[in-house]
Amino acid sequence: MDRRRFITKMATGGVALVALPSIAAGNKENKLTILHTNDTHSHIDPFPANHKRYPGQGGVNRRKALIDQIRKEEEQVLLLDAGDIFQGTPYFNMHGGELEFKVMSAMKYDAATMGNHDFDAGLDGFVNMLPHAEFPFLCTNYDFDNTVAKGRTQPYKIFNKGPLRIGVFGVGVELEGLVSKELYKDTVYLNPVEQANHYATILKNDEKCDLVICLSHLGFKKRHNDMCDPIFATETENIDLIIGGHSHTFMDKPEMHKNKAGKSVLINQVGWAGLILGRIDFYFDAKGNPDVWASNVLSTNYEIA
């Protein structure tokens, strides 16, 4: 992992692609494009034109147009979300999450994990909305066995993209003191580091995944407790990429950290409200090892044709 080159560019509007002349002519089957969001918080429409910070920016129509364009250009794409889909606009108060799940399904999200605000309608409310989500929720450290959510999430999922096997799993923030007990009921919070090491080892060693991705709603910075993505990265193994959420951190480029075994792990997060669509391209060598990756953070201030 240390021999990989990292190239990044921030796009302030539209699509900005990083040129890799020595690789562009290679086999597209050895390239994986990962698109990701976090903390979209029920933002369906763009911000108002007179908004002080984000005038006219965001909106699911722009995001879908951008995703559709990238899918036309790339053969192997994964679209992932790191939680807090619910809560933030009247759409959630009116529809309880139905609209959010429907638009994500229309965008063909491949998987998501749960954030603390995804408990805001209670576990009953969350479960009642699941028929509208045409993608799985991946949670390793929430034990739902004594709740209505039993069996409604899964710890991980493997995606086969051409010759590549991609393992994806999720971890969530501690709920006690952050979410009302009446909302999460008898959900048992499990240690995210222990769960991550268990499932990442399965994905890397047993399932022979070429890339292991963790969808994390722990936060990039310490907020609720002492755990956050940089600490999580140093205490875990076999994870190649951590897609973060919870802290609403706008990262102009991903960060590289060393894991417990001294190997490199990449962390990225793209703020909140669907303003930014994260993009990371992984290129694999002939043996299936990630050799070069490039990263874009793409603005959803995107002109719709």
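The values are calculated or read from the model by the stated rules, or taken from the named source; none is laboratory data. Here the structure is a predicted model, which is why all the values come from computation and not from measurement. Backbone-built Cβ (ideal geometry, glycine too); neighbour counts: all protein chains shown.
Numbers below:
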{"item": "Any hit, region 219-231, residues being of a type in the set (Phe, Trp, Tyr), touching a Cys at 6+ places or on another chain (Cβ under 8 Å) and in a strand (DSSP E or B)", "result": "no"}
{"item": "Of the criteria (1) crowded, with 23+ Cβ neighbours inside 10 Å; (2) β-branched (Val, Ile, Thr); (3) over 20 Å from the mean Cα position of the chain (by Cα), which one Ile85 fails", "result": "(3)"}
{"item": "Lone unmet requirement of (1) among the basic types (Lys, Arg); (2) modelled with pLDDT under 95; (3) under 22 Å from the mean Cα position of the chain (by Cα) for Lys28", "result": "(3)"}
{"item": "Any chance Ile158 is buried (at least 17 other Cβ atoms within 10 Å of the Cβ), closer than 30 Å to Glu74 by Cβ, of a type outside the set (Ser, Thr, Tyr) and in contact with a strand residue (DSSP E or B) (Cβ under 6 Å, 6 or more places away or on another chain)", "result": "no"}
{"item": "His95 vs. criteria out of contact with any strand residue (DSSP E or B) (no Cβ under 7 Å at 6 or more places or on another chain), surrounded by 20 or more Cβ atoms within 10 Å (Cβ to Cβ) and not aliphatic (A, V, I, L, M)", "result": "no"}
{"item": "Region 184-243: number of residues that are within 25 Å of Asn146 (Cα to Cα) and of a type in the set (Phe, Trp, Tyr)", "result": "3"}
{"item": "Tally, over region 256-270, of residues that are assigned to a strand (DSSP E or B), farther than 19 Å from Leu66 by Cα and not polar (S, T, N, Q)", "result": "6"}
{"item": "Of all residues making up region 54-95, the number that are aliphatic (A, V, I, L, M) and touching a Gly at 6+ places or on another chain (Cβ under 8 Å)", "result": "3"}
{"item": "Condition met for Val103 (out of contact with any strand residue (DSSP E or B) (no Cβ under 8 Å at 6 or more places or on another chain) and either closer than 24 Å to Phe169 by Cβ or aliphatic (A, V, I, L, M) (or both))", "result": "yes"}
{"item": "Matching residues in region 290-305 - criterion: being surrounded by fewer than 23 Cβ atoms within 10 Å (Cβ to Cβ) and modelled with pLDDT of 75 or more", "result": "Pro290, Ala294, Ser295, Ser299"}
{"item": "The one condition in (1) within 23 Å of Leu66 (Cβ to Cβ); (2) touching a strand residue (DSSP E or B) at 6+ places or on another chain (Cβ under 8 Å); (3) at pLDDT 95 or above that Ala273 fails to fulfil", "result": "(2)"}
{"item": "Hey, Leu79 closer than 29 Å to Asn30 by Cα, over 16 Å from the mean Cα position of the chain (by Cα) and surrounded by 21 or more Cβ atoms within 10 Å (Cβ to Cβ) or not", "result": "no"}
{"item": "Residue in region 205-218 that is nearest to Pro192 (Cα to Cα), counting only those that are in a loop (DSSP other than H, G, I, E, B) and either among the hydrophobic types (A, V, I, L, M, F, W, C) or under 14 Å from the mean Cα position of the chain (by Cα) (or both)", "result": "Leu218"}
{"item": "Qualifying residue in region 191-202 (condition: touching a helix residue (DSSP H, G or I) at 6+ places or on another chain (Cβ under 9 Å), farther than 30 Å from Phe284 by Cα, surrounded by fewer than 23 Cβ atoms within 10 Å (Cβ to Cβ) and not acidic (Asp, Glu))", "result": "no"}
{"item": "Candidates Thr140, Thr147, filtered to the one that is among the hydroxyl-bearing types (Ser, Thr, Tyr), under 25 Å from Gln269 (Cβ atoms) and surrounded by 14 or more Cβ atoms within 10 Å (Cβ to Cβ)", "result": "Thr140"}
{"item": "Lys52, sole failed condition from (1) at pLDDT below 95; (2) out of contact with any strand residue (DSSP E or B) (no Cβ under 7 Å at 6 or more places or on another chain); (3) over 27 Å from Ser216 (Cα atoms)", "result": "(1)"}
{"item": "Condition met for Leu175 (in contact with a strand residue (DSSP E or B) (Cβ under 8 Å, 6 or more places away or on another chain) and part of a helix (DSSP H, G or I))", "result": "no"}
